[in-house]
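Some notes on the structure that comes next.
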Amino acid sequence: MRFLKSVAAFALIALLLFSLGVIAYADDNNPEELTRLNYITSYSSLITHGTFSSTMKAEAKGNTQVTKIKIKMELQKENSGTYSTVASWEETFYSNNAEKTVSKATSPFATYRLKTTITAYAGSNTETIYLYAY
């Protein structure tokens with residue numbers, strides 16, 4: 001009986017932690033790469049895995065020269081070591097601030113990642129970065 005209570009408690013804790021989600025931030029571990037960005041001043045991309053859905057969020061800010069930011073988000077599902085896009089969203093923001101959040105039903109038995117492409121426009125110049133969140 002004590003064993004069953006322990007297993008039930010463990011299962012409940014695991015379910016609660018899984019439903020709260022695992023938040024993964026995609027960042028660039030190469031500081032030199034960050035110093036080469038001319039127009040994008042900050043960015044983030046995250047995916048929160050719930051029990052039956054995932055929530056994706058991407059943000060970007062540009063300097064004062066930026067007049068438009070495009071965010072493309074691709075929910076990708078892993079299959080045999082490769083990822084394929086199962087849903088995508090794209091939006092253009094006509095300012096130097098952009099934020100997009102979307103939710104999508106997902107299987108708790110699959111592995112997903114979020115690929116985010118952020119493009120900043122400053123006159124005839126553009127700058128693009130790619131982020132992956134797991």
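The figures follow:
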{"item": "Any pair with Cβ under 6 angstrom, 6 or more apart, that starts in the stretch 94-110 at a residue that is touching a residue at least 60 places away in the same chain (Cβ under 8 Å) and ends at one that is surrounded by 11 or more Cβ atoms within 10 Å (Cβ to Cβ) and of a type in the set (V, I, T)", "result": "P108/T51"}
{"item": "Counted residues, the stretch 54-79 - those being of a type outside the set (S, T, N, Q) and either part of a loop (DSSP other than H, G, I, E, B) or touching a helix residue (DSSP H, G or I) at 6+ places or on another chain (Cβ under 9 Å) (or both)", "result": "1"}
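Read-outs throughout are calculated quantities, based only on the coordinates presented, and are distinct from any laboratory measurement. What you are looking at is a predicted structure, and each value in this text was computed from that prediction instead of being measured. Every residue, glycine as well, gets a Cβ built from its backbone with ideal geometry; the counts of neighbours run over all protein chains shown.
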